[in-house]
Amino acid sequence: MSSFAYLKTLPVDYLKIDGGFVKDILEDQVDHAMVKAISTIGGVMGLKTIAEYVENTAIFDCITALGVDFAQGYGLGHPQPLICTGTPR
């Protein structure tokens, strides 16, 4: 709960939901409740939420129903190399 207290004071725009909560969201009621709570709090605070470890359509559908804004994971696509042209800034 102290993490929520810190969250109130952090100047952030995005709230990333750890994949440890997301990967078993379909089987674990506690993980489901945690993701739902994080998504709800993020929404109330005006933050966009990002779920890690979205590995399949069922997880994607679940987090979408919970109001999560963005998703990352192999279910959506594998990491891609950055292609830089020119000198980095």
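Net charge near Lys16, counting Lys/Arg +1 and Asp/Glu -1 over other residues with Cβ under 12 Å of its Cβ? Don't jump to the answer; show the numbers that get you there.
Values: positive: Lys48; negative: Asp13, Asp18, Glu52, Asp69.
Net local charge, Lys16 excluded: -3.
Counting pairwise Cα distances across the stretch 5-47, what percent come out greater than 13 angstrom?
Values: 489 of 903 pairs.
Here the tail beyond 13 Å accounts for 54 percent of pairs.
In the neighborhood of Ile50, defined by Cβ-to-Cβ distances under 13 Å, what is the net charge if each Lys or Arg adds +1 and each Asp or Glu adds -1?
Values: positive: Lys16, Lys48; negative: Asp13, Asp18, Glu52, Asp69.
Taking every other residue near Ile50 into account, the sum is -2.
Excluding Ile59 itself, calculate the net charge of residues whose Cβ lies under 10 Å from the Cβ of Ile59, where each Lys or Arg counts +1 and each Asp or Glu counts -1.
On the way: positive: Lys23; negative: Asp24, Glu55, Asp61.
With Lys, Arg at +1 and Asp, Glu at -1, the neighbours total -2.
Show me, for the stretch 27-44, the HN-Hα J-couplings you get by feeding each phi into the Karplus relation (A = 6.51, B = -1.76, C = 1.60, θ = phi - 60°), rounded to Hz, glycine and proline as x.
Values per residue, Gly and Pro as x: 10, 10, 5, 5, 4, 4, 5, 5, 4, 4, 5, 5, 4, 5, 5, x, x, 4 Hz.
Write out the chymotrypsin sites (Phe, Trp or Tyr not before Pro) in the stretch 22-81 meeting two conditions: DSSP loop, and at most 11 other Cβ atoms within 10 Å of their Cβ.
Details: sites: Tyr53, Phe60, Phe70, Tyr74; in loops: Tyr53, Tyr74.
Here the sparse-neighbourhood loop sites are Tyr74.
Figure the gain on full extension for Lys48 and Phe4 (residue separation times 0.36 nm, minus the Cα-Cα span) and round it to one decimal in nm.
Numbers: separation 44, 0.36 × 44 = 15.84 nm, distance 1.54 nm.
14.3 nm is the gain from fully extending Lys48 to Phe4.
Can you give the charge dipole size of the chain about its Cα centre, rounded to the nearest 20 debye, using +1 on the beta carbon of Lys and Arg and -1 on the beta carbon of Asp and Glu?
Approximately 440 debye in magnitude.
Under a point spin-label approximation (7 Å from Cα along Cα-to-Cβ), what is the Tyr74-Ala37 distance to one decimal in nm?
3.0
Rule-based calculations on the coordinates, nothing more; no lab input. The structure displayed is predicted, hence computed values, not measured ones. Quick reminder, even Gly has a Cβ in these numbers, built from the backbone with ideal geometry, and neighbours come from all protein chains shown.
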